[in-house]
Structures are given as C-alpha cells and as structure tokens.
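The values are calculated or read from the model by the stated rules, or taken from the named source; none is laboratory data. The structure presented is a predicted model; accordingly, all values stated were derived computationally and were not measured. Cβ coordinates were reconstructed from backbone atoms using ideal geometry, including for glycine residues, and neighbour counts include every protein chain displayed. Remember, those area values only see protein heavy atoms, side chains included, never the ligands or the DNA or RNA. Shrake-Rupley method; radii C 1.70, N 1.55, O 1.52, S 1.80 Å.
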Amino acid sequence: MSITGGSFDSNQGRNGAGIFFNQASSPTVTLNGVQITSNSASNHGGGVYLASGTVVMDGVTISNNSAAIGGGGIRNGANLTLLNSTVADNNGGSSSGGAIRNYAILLLDNTILQGNYGDFATFLGGGIYNDGTLTMQNNSIIDGTSAVVSINARHGGGLYADGGIVTISDSQIINNVADKDGGGIRIRSAATLNATGLVLDNNVANDDGGGLANEGVFTFTNGTIRNNQAADRGGGVDSATSASNAINFSCIVGNSAANTQAVYSAASNFNARDNWWGAATGAASGDVNNNVTVTPFVATNCADATAMGSSAMVAAATSSTIMTRTIEMASLPYETIFDESGGWSRTGSWVRESVGGRDSGGWVVDATIRNTISILEMPMPVDLGNSPNARVRYWQRGDLSSNDTLVLEILTERATTWAILDQQSNFSSDWTLREIDLSAYRGQIIRLRWRLMTVGDVPVGQNSIDYAIEDLQVSSRRN
C-alpha cells in the first residue's frame, strides 16, 4: 500500500490518533510527502502508532502531535524507515519518547527531529526513547531547540537508550536539555551505542553528563563532543563503566562542569586516547579524572566532524614525545585489490572476505538484512591533481532488487555533504567493470563511499542477496 500526499490532522484517539497500523503480514506500507499534524492520543502514538509490519516514510512531516503516555510523534513496534523527513514539536506526555518511542526497528536517514519533549519531571528521551534497534545515518539530527519548553526530558534530552543497540553515523545530537542526566544521550546498562562521526554539541544536563551519560557500553569514534554542560560531573561525558567503552580520534573541546569538564569515569581505565583536547599539550587539568586514559593524544587541531564522518586527526603525542601521525593522502593512481581491510570504515553489513570469481578479497554487503543503510568509505582522500581524464574504475557483482538502491557518493575537500556520483537499482550481474568519469572534479581532493539502502520487502519474483566490489582504481587512464 502506498499513500502519496495528503494530511492526517486534528484527530483524537486512544492509540495512533493520526494513523494506526497493525498488519504484520501485509506488504510494505509507503508514505510519501504526507503531513501528520495536531493529533492527540490518550495513550500512545499521538501522530502514528505502528504495532507491526514494515513501513517506509519518505518526505513526511509529523508535527505538533501529543500522547498522554509516550511517543508524541510515533510509537513504533514495526520495521520503520524514516527518509528525508521531519518530526517536530511533539509532546510525549508523562513517560517517554517525545518524537519517537521505539520498541522494534527504526532507521533514520537524513531526517530531523526538532523541539520534541515531555513532562520534564518524569520523562525519558525528549527526542527518542529506544528499547529496540535504532540506526541514525546520513546527516540525521536530534535538535532539542523548542519554542514551547526549556527542558526536553528528565533523562536523555535527545536520546534515551533503555536497551537494544543504537548505531549512529554522520549525524548530530544538539541543543538538548535534561533535567537530570544525559543532556544529549543517556545510555542504560542494557543498551549499546556505536557512534562514528557523531556531533554532540551544546547539550545541557542539570546533573551529570552534559553530552552523554553512560551506564552501558559505547564506542565513539571520529566525532565531536563540544560546548556541552553538566551541573555536576562530566560536561562532555559521564560514564559509570569503563569496560569496552572508548572515545577515540575525536574533538573534545569547550565542555564544562562543576566536577570534570570533559570526560568523567567512575571506573578505571576508560579509553580516551588519540583525541584533540583543544591544545597541543593534550587534556588540561580538570578535563578528565584519574580513571580516564588520554595518551597518546592529538597535538594538532582536528577537522570539524560535522562535515565528514572521518575527522582528519593529523598528529598524536605521548606524554613525553610527539609522534607525527599525518593522515595519508593518495595521488593518482590510487589502486587497491582489498587484500586487507586497509583502514576502510564501514557501517551496516559490509565485510571484507574472499569473493568467488576474483583473485583476491573484496568488500561484500549483505542485502538480506532489510531496512538498513550500509556504508563503506575509503580510508584516505585522493588528490585528483590537474588530470582532465580522472575516473574511478572497479569490478562489481551482485544480486539486488528494485527496492535496493546502491549509490556511489563523493565528498570534496570543502564540501559539507556527500553528493551522488553514480546510482544503481535492481542490479543483478556476475563480475562486470564499472567506470565513472571524475573530470568534473579536476584539481580537487575527494573521498568516495558506497552506500547500499535496502528498503521494505523484496518484490515477488526478485532476489536481494548481496553486492561486492573488487579491484578499485582512481586514475587518469582512459582504458
């Protein structure tokens, strides 16, 4: 079923005042350009209540809805994908999830959650309450800025992870306020967070963990933690545990708290190595407590992680000597046969393995995992120089459906967003050579990444199995 355009507004009900959906066996439901506004539920899901099934929302606006108990915008128990959408100014009531209360599978892609909230005396997760599987990618934002309230939630002003797995890449959680812990994010003991290229900026906690308060397991890589505030401990991060937790290759600057400005850990051996702390001498007195390990540290200012998921960390230092760690830049020709991982960053289901029909290893992404965005990004920028014939060439094979979109994206040195260079759908072939012209980027420094998006069910009569690439070249050769 597909709905394009139209609105659901000013309705009242118990659950899902705007839309209620409960059909586990139905085909994928798709909403395009729909407005869901000013609905009110006496229980859950002011705008939308999804009990089961698979739902894709593209270009949808969900705003000014309210629920008495939770999920002001959406209460999700389905496999939900939000693309290019806005969820704003929703009131989740007394329990949790100002914008979204998620118990199942939720994917946010290029989607903004702004100004969502609940009763700050009791509420959990001003933007999202998660007890399922949550993925945020591709410039998705949780922004707490609101014209209605000054506090978004009691705990987890932006995101409250009560359980499950949260994966965030190239996204922002900004301007959120918690009356207690976790201005930006609160992670409970049963939850896991894996963040790459995440910006935590200008969040406030009236107790601990201005940017992030942790009781579970988390990794934070190639991101930014800046200008967050806590009334007590950990202006940037407050962590109750240290095992398996790490902040690496990130910018940690401008945070403030009464007790430990940047990173506070209640447990020993917290890994905060290889970060930029705002000065060539590393973390200043009061930035961390004694349980946090900060050496080696980055000694030269790092790039702002808002633009690129991989910050340019250019030099690391031990406590006694500076060890230059200049990020490599490739010139033409750049070639790899993927015989080892080689620093490539990945999210989703990309793995490096031997692939049939080729001489060496390759990168393979599993397309049987639905409603997932998987990204594979090259490890270094490439200087195209003055070549008028620059091009990217690689071998590919795969078996994808019409509901799968494979995109090759490019990011130039001064750009803030990735641009589409090549796009394929319903691709099914044994090994073939793919070649894309880069002459339009002459004289520029570029990065490339492959992004596979698997949306909804596989259409009848089609397959969606995997996709692989091998033997990559960026060169000026015409052959």
When the charge dipole of segment 371-479 is computed with +1 at the Cβ of Lys and Arg and -1 at the Cβ of Asp and Glu, the Cα pointing farthest to the positive end, of Val460, Asn403, Pro379, is that of Pro379
Note: Thr293 to Ser189 extended length (0.36 nm per residue) minus current alpha-carbon separation gives 35.2 nm
Pseudo-spin-label distance Ser2 to Ser268, built 7 Å along Cα→Cβ, given in nm, is 6.1
Expressed as a percent, the accessible surface of the chain that is carbon or sulfur, using a 1.4 Å probe and the full set of protein chains, is 45
Computed for the chain: size of charge dipole around the Cα centre, +1 on C-beta of each Lys and Arg, -1 on C-beta of each Asp and Glu, debye to nearest 20, value 220
Ser429 and Ser331 label points (each 7 Å along its Cα→Cβ direction) are spaced in nm at 3.3
Dipole check, the chain, charges on Cβ (K,R +1; D,E -1), about Cα centroid: among Gly73, Thr432, Ile165 the Cα furthest to the positive pole belongs to Gly73
Of 456-462, 209-215, 63-69, ordering from highest average Cβ density within 10 Å down gives 209-215, 63-69, 456-462
Burial-style ranking of 8-14, 403-409, 102-108, average other-beta-carbon count within 10 Å with highest first, yields 102-108, 403-409, 8-14
Computed ³J(HN,Hα) along segment 363-378: with the Karplus parameters 6.51/-1.76/1.60, θ = phi - 60°, integer Hz and x for glycine or proline, the list is 9, 10, 10, 7, 8, 6, 7, 8, 6, 9, 10, 10, 10, 10, 10, 5
For the chain, averaging the sequence separation of alpha carbon pairs under 8 Å that lie six or more residues apart and dividing by its residue count, the contact order in percent is 8
Listed by chain and number, the residues whose amide H is under 5 Å from that of Gly164, excluding neighbours fewer than 5 places away on the same chain and using placed H, are Thr192
Given Cβ charges of +1 for Lys and Arg and -1 for Asp and Glu, the option among Ser285, Ser38, Asn176 whose Cα lies farthest towards the positive end of the dipole of the chain is Ser38
Applied in sequence order to segment 437-450, the curve 6.51 cos²θ - 1.76 cosθ + 1.60 (Karplus, θ = phi - 60°) yields integer Hz couplings, x standing for Gly and Pro, of 6, 10, 4, 5, 10, 3, x, 10, 9, 10, 10, 10, 8, 9
The Rg/Rh figure for segment 112-251, Cα atoms and Kirkwood Rh, to two decimals is 0.92
The percentage of Cα-Cα pairs in the chain separated by more than 40 Å is 22
Counting sequence-distant residues (5 or more places) and residues on other chains, those with an amide H built under 5 Å from that of Ile142 are Leu113, Gln172, Ile173, Ile174
Once Asp422 and Ser476 are pulled to full extension, the length gained, defined as 0.36 nm per residue separation minus their Cα-Cα distance, is 17.6 nm
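Kindly report the accessible area of the chain per residue (heavy atoms of protein chains, probe 1.4 Å, no ligands, DNA or RNA), in Å².
Values: 17490 Å² over 479 residues.
The answer is 37 Å² per residue.
How much length, in nm to one decimal, is gained on full extension between Thr145 and Phe20, taken as 0.36 nm per residue of separation minus their Cα-Cα distance? Intermediate results must be reported in sequence, preceding the final value.
Details: separation 125, 0.36 × 125 = 45.00 nm, distance 2.83 nm.
Working it through step by step, the gained length comes to 42.2 nm.
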